[in-house]
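Below is one structure, written out as structure tokens; the observations come after it.
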Amino acid sequence: MGTRRKTGAGHTFRRVMTAALIVALVALSAAGCSAPTSKASAPAAEKAPIKLGAVLSLTGTYAGLGVPERNAIEMEVARINAAGGIGGRSIEVVYEDDATDPAKAQAATTRLIEREGVLGIIGATGTGQTMGMRADIDRAGIPQVSMAGGNAVTAQFDKLVFQTPWPNRIVVPFTLDFMKKAGITTIALLTDSGGYGKDGRQVVLDDVAKYGVTVVADETFNAGDTDMTTQLTKIKAKAPQAVWMWAAGKEGAIIVKNAKDLDPSGSMRIFGAPGNGRTEFIDGAGAAAEGFTFAAGRILAPDSYGRGTKAFKVATDFIGRYTQKYGKAPDIFAGHAYDAISILADALKRAGSDADSAKLRDAIEATKGLVGVGGTFDLSATDHNGLTAKDLVMYRIEGGVWKVVE
Amino acid sequence: MSDRTRRFAQSGGAVLAAAAVLALPLVVTDRYLLKVLTFVGLNVIIVAGMAVLFGYAGQVSLGHAAFTGIGAYTCGFLTARAGWPWMTAVAAAVALSALGGLALALPSLRLRGHYLAMATLGFSVIANIVFVEAKSLTGGNDGLSGIPFASVGPVRLDTPWSNYLLVWGAAVVVVALVSGIVRGRPGRAMAALQGSEMGAMACGVDPVRVKVTAFTLSAGLAGLSGALFASAVGFVSPTSFALETSIILLAMVVLGGTRSVAGPVLAAVALTLLTYIDGLIPGLSKTTVAALQDWKGDIYGVVIVGVMLFVPAGMAGLARAWRRKSRSVTGAGEAA
Amino acid sequence: MGAAQLLQFTIAGLKNGAIYALIALGFTIVYASTGILNFAQGEFYMLGGMVAVWALRTLGLPLLAAVPAAVLVTVGVGALVERLALRPRRAEAPLVLIIITIGVSMLLQSLARHLFGPNEVALPPFTAGPSITFFGAAIERQTLWVWGLTAVALLVLWVLYTRTKLGLAMRATAVSHDSSRLVGIDTARVVMVTFALAAALGALAGVAVAPLTQTAYDVGARIGLKGFAAAILGGLGGPVAAVAGGLVLGLTESLSAAFISSTYKDAIALVVLLAVIFLKPSGLFGRAGREKV
């Protein structure tokens, strides 16, 4: 090892490096500023626009969900405005990032209410964030349409809070019914210790008895775990007919791969949840995903609505426009966001473009037969989700794509 | 300027700053701004305690978010589910967090540096698992909601203004208290320990007692902040007390500098405000706000690295250097 | 419990353990020559996987070229971080430098989200094919790669430390920067080489694990935490201690999940870790009196 001291050269080197760093940072921030941000040009905007807020997880753990949600909302608002808006007024959505943190979601809600004076709020992406917003929503009396699938969102009832995804109290009985018909009586649970898995697990444990199904093993894993072989080895020892996993992230792909290794013959069928309806899951699991079964809405296979039906038209239209604009087919989360803005736009049309928040809330609650991409929404004073088992189908992954199970 | 007049000017400045902070709601009508400033005050309370722990007692903690969580859940559960009066619940929250600090400090006495950091970090992660799993007490992942506002007798603090005053009132008291501690006997004992543990022991300083006291105090203050957070926000969930929060808190203390309370407090104010920067600068276009939100992580990282690169001794070090300079200009003879 | 099941639990534990070990090695070698803990180590792991996927998918490189490319890019980032963010302040207290690495990790994670997007991405296994059955237990082929890499890394580091001049310089720097400089060692260069090496180790781990787990812009923080725990458990000593720490941590988690509770496996592993450092404050294999803070 040499002892050369690059005195003069070292100084120049430092200067060059500092300059390079500054240039790189400036270039990066310029790139960030020029990132595509749609300016909703509104031909109908003679009058002041109708202001709505959206609290989304654009960074942090749920960034993969929040970004497609924003895409869907932006695209849909642009379409509504291009078509003349609502009663001659365009819609303006103010976006807030909650960084997947309930406290930030709450602060964002305050900002939307106090600063922007929004009429209603879409959000949040996650259940925890949605619940964190509630105190401010209640105080301001503003309707909230959440895209989080947690049971708590509408089960802990609030007259101002609505929910677009299929809640677990619909998904779980639907899947159990399918299992019963398939002759499955013993299952093992392998659930995420985060909010999504905990919610699903509880509903499953509450409901299994009604369908004559027994839970023989009840294992969990944590977000970010890299191997679930240990849990699956324990499960395999109990020889259940099926393993029901509740995992929305990349852990789902690890589970099916580990299961395939331990059980190459496939004596245990693997079931999942709507959160597995993402192409990333199939990419990650590869061949191990074959035969994987889960319940979700018909957005993943609009053909199942029956060609020519209104629902088919709505779904294919949305999928086509989204794919064209963003170069990627929409996932279920984009669908939940489309439904949220559709519910609000539909309610605004009925309530009139000059409605206040209270009228808007009443109009949302009166939504009937609204065809979205997640299903047909029939809301009422006691049901703030409005979807039923009729909106769900079972999917099985075959040949690297999900197919509807008849 | 003599030392006495300097000290007089300093305490005068502190009183003025406190008065200005508490008088702010008279001029600020923006409820969002008040909410953000309330969050700032909550961090100030935690960081003031950590300034003693790190800056004076030389202990590194990567687990203080856990104590905040213990305080928040205790206060939330006791007021929302058990129907305790607010004051009693807050007292219980502080006591329980302090107890948690004591329980962690005692076995950690032999640990130094990175091993202490690991112990506190491990405690923080375990506490978070408990927050998630103890569903009947904490509400699990869905969080604990419906926590009532702070109330003393018939007075209910249910406006952003009153919550701001509550939190900043507590923050001012805490900062004053902590400053008193570090200037008095305990502070000198800690300083002696930092110099030489053996030497300090020879002078009758009990290192065990000093370290355990500092840890317990800072944990109790973190718990107080948590309790106030629970009643001001009305909702508590585990993600607010995750490891990242502990790391940010430590960054605030280090950015503030050692042997100072004002430095870390200012750093807490600055870094907390930075999180809400896109909502605080008036007149930004929608595109700029979106870009700021998108690039917040990068900006935060660059600021932390930048401050440490250019002001490695932290804000307190900067102030000390500046004072030294002005002193040498006005004449070295006066300062002893 | 049958023997095959016990073997399967052990394999699972050693697989995770080897991943932790590779991260712990990065922590340990940086700690040895600088006295700081590099909290950006997990981001090197993330960068390795993400850059490999990017090179494969976007640049269309074959896997054989994408993997070394990812390691090289990460090494470049590691060297740059050392040169630009750490070297100017090396005289400061270790905690100042640790906070810098925390800032760097925030920046790297956020930049990765801008560059690669928020979704998880998949990398194909290095060698395709079904799992290997070993006394009734299944082992993925990629797991063999992870173990192989860990063994090679350990061997290379051992040779480097004990058999080369550079290694001697690294060990001397670990003992004292000042005396090393006095005997003519360019300590600045040693530290930069150490960082590059740590980045290479992190990137290799990230690339080797991505086929098993997929990867995403935010995987660094959690794996960094595990690697830190493993390094502390090993006692921040030599490479062997780091690998032992990683394997013990992985096994503890796996056996806790197997015999106690999968929900509390992380908590149990941490309680074991806390018990170890409370009872033996210098870790399982650390020597007392080497503490640098």
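Observations
- Spans of helices (runs of 4 or more DSSP H) in the range C:57-164 with at least 3 residues within 14 Å of chain B (Cβ to nearest Cβ) and touching a Lys or Arg at 6+ places or on another chain (Cβ under 8 Å): C:94-116
- Residues in the range C:174-200 that are farther than 24 Å from C:Gly42 by Cα, assigned to a helix (DSSP H, G or I) and in contact with a helix residue (DSSP H, G or I) (Cβ under 7 Å, 6 or more places away or on another chain): C:His177, C:Ser180, C:Arg181, C:Thr187.
- Within the range A:109-120, residues that are closer than 16 Å to B:Pro160 by Cβ have Cβ atoms under 8 Å from residues that are at pLDDT below 90 and assigned to a loop (DSSP other than H, G, I, E, B) in these pairs: A:Glu114/B:Asp30; A:Arg115/B:Asp30, counting only partners at least 6 apart in sequence or on another chain.
- Considering residues of the range A:64-120 that are of a type in the set (Lys, Arg) and more than 14 Å from chain B (Cβ to nearest Cβ) only, the residue surrounded by the fewest Cβ atoms within 10 Å (Cβ to Cβ): A:Arg79
- Filter result for B:Gly220 (surrounded by 19 or more Cβ atoms within 10 Å (Cβ to Cβ), at pLDDT 90 or above, within 14 Å of another protein chain (Cβ to nearest Cβ) and under 15 Å from B:Thr74 (Cα atoms)): no
- Qualifying residue in the range C:280-289 (condition: within 14 Å of chain B (Cβ to nearest Cβ), outside any helix (DSSP H, G or I), over 21 Å from the mean Cα position of the chain (by Cα) and closer than 24 Å to C:Val159 by Cβ): yes
- Residues that are away from chain C (no Cβ under 14 Å) number at least 2 in the following helices (runs of 4 or more DSSP H) confined to the range B:274-330: B:277-280, B:286-294, B:314-330.
- Top-ranked residue of the range A:278-297 - restricted to ones that are more than 14 Å from chain C (Cβ to nearest Cβ) and surrounded by 23 or more Cβ atoms within 10 Å (Cβ to Cβ), ranked as farthest from A:Ala182 (Cα to Cα): A:Gly297
- Verdict on B:Leu137 being at negative phi, touching a residue at least 12 places away in the same chain (Cβ under 8 Å) and within 14 Å of another protein chain (Cβ to nearest Cβ): no
- Residue within the range C:201-211 that is touching a residue at least 40 places away in the same chain (Cβ under 8 Å), surrounded by 24 or more Cβ atoms within 10 Å (Cβ to Cβ) and part of a loop (DSSP other than H, G, I, E, B) present: no
- Criterion (away from chain A (no Cβ under 14 Å), surrounded by fewer than 22 Cβ atoms within 10 Å (Cβ to Cβ), part of a loop (DSSP other than H, G, I, E, B) and not aromatic (Phe, Trp, Tyr)) met by exactly one of B:Thr258, B:Thr213: B:Thr258
- Among (1) out of contact with any Leu (no Cβ under 7 Å at 6 or more places or on another chain); (2) under 21 Å from C:Ser131 (Cβ atoms) - the single one A:Gly249 does not satisfy: (2)
- Of all residues in the range A:124-145 being in a helix (DSSP H, G or I) and in contact (Cβ under 8 Å) with a residue 40 or more places away in the chain, the one that is farthest from A:Thr59 (Cα to Cα): A:Ala140
- Answer residue from the range A:135-150, given it is closer than 18 Å to B:Phe235 by Cα, buried (at least 24 other Cβ atoms within 10 Å of the Cβ) and not hydrophobic (A, V, I, L, M, F, W, C) and is nearest to the other protein chains (Cβ to nearest Cβ) among those: A:Gly150
Residues are listed down the side, and each one gets a yes or a no for (1) among the hydrophobic types (A, V, I, L, M, F, W, C); (2) over 29 Å from A:Gly327 (Cα atoms); (3) not assigned by TED's automatic domain parsing to the domain that holds A:Val373:
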{"position": "A:Leu65", "(1), (2), (3)": "yes, no, no"}
{"position": "A:Pro68", "(1), (2), (3)": "no, no, no"}
{"position": "A:Ala78", "(1), (2), (3)": "yes, no, no"}
{"position": "A:Ala83", "(1), (2), (3)": "yes, no, no"}
{"position": "A:Arg111", "(1), (2), (3)": "no, yes, no"}
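- Number of residues in the range C:211-241 that are more than 10 Å from chain A (Cβ to nearest Cβ) and either over 23 Å from A:Tyr62 (Cβ atoms) or touching a strand residue (DSSP E or B) at 6+ places or on another chain (Cβ under 8 Å) (or both) equals 15.
- Flag if C:Ala267 is under 30 Å from A:Lys236 (Cα atoms), surrounded by fewer than 24 Cβ atoms within 10 Å (Cβ to Cβ), within 12 Å of chain B (Cβ to nearest Cβ) and among the aliphatic types (A, V, I, L, M): yes
- Among the candidates A:Lys359, A:Lys313, A:Lys325, residue that is surrounded by fewer than 24 Cβ atoms within 10 Å (Cβ to Cβ) and touching a Gly at 6+ places or on another chain (Cβ under 9 Å): A:Lys359
The values are calculated or read from the model by the stated rules, or taken from the named source; none is laboratory data. On a predicted model such as this, the values are computed, not experimentally measured, just so you know. Cβ sites come from the backbone with ideal geometry, for glycine too, and all protein chains shown count toward neighbours.
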